[in-house]
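**Q** Questions regarding the structure given below will be posed in turn.
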């Protein structure tokens with residue numbers, strides 16, 4: 001299931017796990033009040049005649065559906081299946097199929113639940129309110145099973161036949177369009193949902209933000225994220241969403257300002273908050289003609305998080321501290337952080353970074369040791385690591401060692417051409 005970059009996109013519309021209430025289901029006494037007005041008063045679908053006359057079927061349905069609502073599958077399933085297989089009443093069969101659909105959904109069998117609902121609807125015997133509510137439930141089940149186009153088709157049919165529009169149905173439609181990467185359609189549907197007024201679900205704006213961002217409308221995404229944050233300044237999700245869309249729009253100073261304001265207010269309470277803020281400073285530093293200032297701030301943010309026992313030093317944190325020190329032209333400090341990272345890292349990348357710096361500091365023997373450790377532990381670009389080792393061996397005036405390292409680099413397709421050229425010039429081919 002697709003997710004927008006950095007945004008928390010919630011699951012599809014809230015699913016109905018219980019039963020659609022059918023006022024025609026239970027037996028009534030003559031003096032009972034009439035049922036409420038139809039929820040679908042404008043539909044042209046004719047109300048079918050109910051054919052449930054068997055007291056036994058009615059009793060079994062009541063017991064079976066009650067058992068489903070109580071989570072008692074062992075009691076519910078045989079009662080409902082017996083009605084599906086043996087009842088002469090299509091109405092009873094339709095209600096039993098609805099019950100089976102809920103059982104299957106609760107077991108995670110979405111396809112089975114969808115099949116049962118479709119069979120129930122195909123019988124065509126439900127009263128209008130029940131029929132259209134089950135059709136809406138079908139669309140929700142299809143969303144849960146990631147059948148996004150079928151869900152759209154079902155909602156279109158529900159709206160056309162039921163002659164009804166709701167904010168929730170347009171929100172479901174927007175979610176489906178977003179999952180299909182049809183962002184203009186998703187934007188239109190969510191905005192339509194919001195046009196109904198009332199309390200919008202947080203997920204609606206999240207889908208809308210993500211759709212704006214994915215469709216290249218970063219400014220609109222950032223505007224919406226900022227409005228969310230203004231409405232709920234203490235909501236960490238609102239902060240995360242605002243920062244994510246600002247980052248995607250490459251508005252790093254604005255994102256930093258939001259997070260620094262939160263840090264000053266004491267609302268940065270997770271290690272990810274401090275780590276993300278440090279990364280923002282590093283990205284800003286990369287775009288700056290004078291990176292040292294923002295790089296130093298990145299290091300300060302991490303130290304602040306560590307001092308508050310919010311951030312626990314690990315390979316990622318040490319590496320970020322190393323990058324900050326490196327960009328701040330503090331090579332010795334950076335090497336120290338990279339070595340700390342290497343001691344707990346799962347690969348050799350921090351050691352490789354330290355080796356590069358040691359080479360620039362003309363500390364060739366230390367650089368050789370670290371690059372060998374990096375290769376032994378595993379690096380992302382093996383050929384590049386061997387080319388670095390060859391360069392270090394040249395600096396150590398160890399030509400055989402350099403040739404051996406570069407021959408290793410020649411075995412990597414990414415560095416083969418460069419390595420073979422070097423070997424040719426060195427007369428080692």
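**Q** Which number in (1) within 29 Å of residue 308 (Cα to Cα); (2) part of a helix (DSSP H, G or I); (3) in contact (Cβ under 8 Å) with a residue 40 or more places away in the chain; (4) under 22 Å from the mean Cα position of the chain (by Cα) marks the one condition that residue 280 misses?
**A** Just one mismatch for residue 280, condition (3).
**Q** Which is outside any helix (DSSP H, G or I) and either at pLDDT below 95 or surrounded by fewer than 24 Cβ atoms within 10 Å (Cβ to Cβ) (or both), of 108, 82, 64?
**A** Residue meeting the stated conditions: 108.
**Q** Okay, moving on. Can you tell me which residues in the range 185-222 are farther than 19 Å from residue 236 by Cβ and part of a loop (DSSP other than H, G, I, E, B)?
**A** 195, 196, 197, 198, 199, 200, 215, 216, 217
**Q** While we're looking at this one, here's another question. When the range 157-184 is examined, which residues are found to be assigned to a helix (DSSP H, G or I) and farther than 20 Å from residue 136 by Cα?
**A** Result: 183, 184.
**Q** Those residues that are surrounded by fewer than 22 Cβ atoms within 10 Å (Cβ to Cβ) and over 19 Å from the mean Cα position of the chain (by Cα), I need them from the range 141-151; list them, please.
**A** The answer is 149, 150.
**Q** Does the range 188-213 hold any residues that are free of Cβ contacts under 8 Å to residues at least 24 places away in the same chain and either buried (at least 22 other Cβ atoms within 10 Å of the Cβ) or touching a strand residue (DSSP E or B) at 6+ places or on another chain (Cβ under 6 Å) (or both), and which are they?
**A** Once the filter is applied, which keeps residues that are free of Cβ contacts under 8 Å to residues at least 24 places away in the same chain and either buried (at least 22 other Cβ atoms within 10 Å of the Cβ) or touching a strand residue (DSSP E or B) at 6+ places or on another chain (Cβ under 6 Å) (or both), the range 188-213 yields 189, 190.
**Q** Can you report the number of residues in the range 228-264 which are over 17 Å from residue 205 (Cα atoms), assigned to a helix (DSSP H, G or I) and touching a residue at least 12 places away in the same chain (Cβ under 8 Å)?
**A** Residues in the range 228-264 being over 17 Å from residue 205 (Cα atoms), assigned to a helix (DSSP H, G or I) and touching a residue at least 12 places away in the same chain (Cβ under 8 Å): 11 in total.
**Q** Which residue, of 374, 334, 298, 354, is farther than 17 Å from residue 392 by Cβ, modelled with pLDDT of 95 or more, buried (at least 21 other Cβ atoms within 10 Å of the Cβ) and over 30 Å from the mean Cα position of the chain (by Cα)?
**A** Checking each option against the conditions leaves just 334.
**Q** Something else: Within the range 265-277, work out how many residues are surrounded by 17 or more Cβ atoms within 10 Å (Cβ to Cβ) and in a helix (DSSP H, G or I).
**A** Of the residues in that region, 6 qualify.
**Q** Exactly one condition in (1) in the same structural domain as residue 330 (by TED's automatic domain parsing); (2) without any contact (Cβ under 8 Å) to a residue 12 or more places away in the chain is false for residue 397; which is it?
**A** Result: residue 397 fails condition (1) only.
The values are calculated or read from the model by the stated rules, or taken from the named source; none is laboratory data. Please read all numbers here as calculations on a predicted model, not as lab measurements. Note that we place each Cβ from the backbone using ideal geometry, even for glycine, and neighbour counts take in every protein chain shown.
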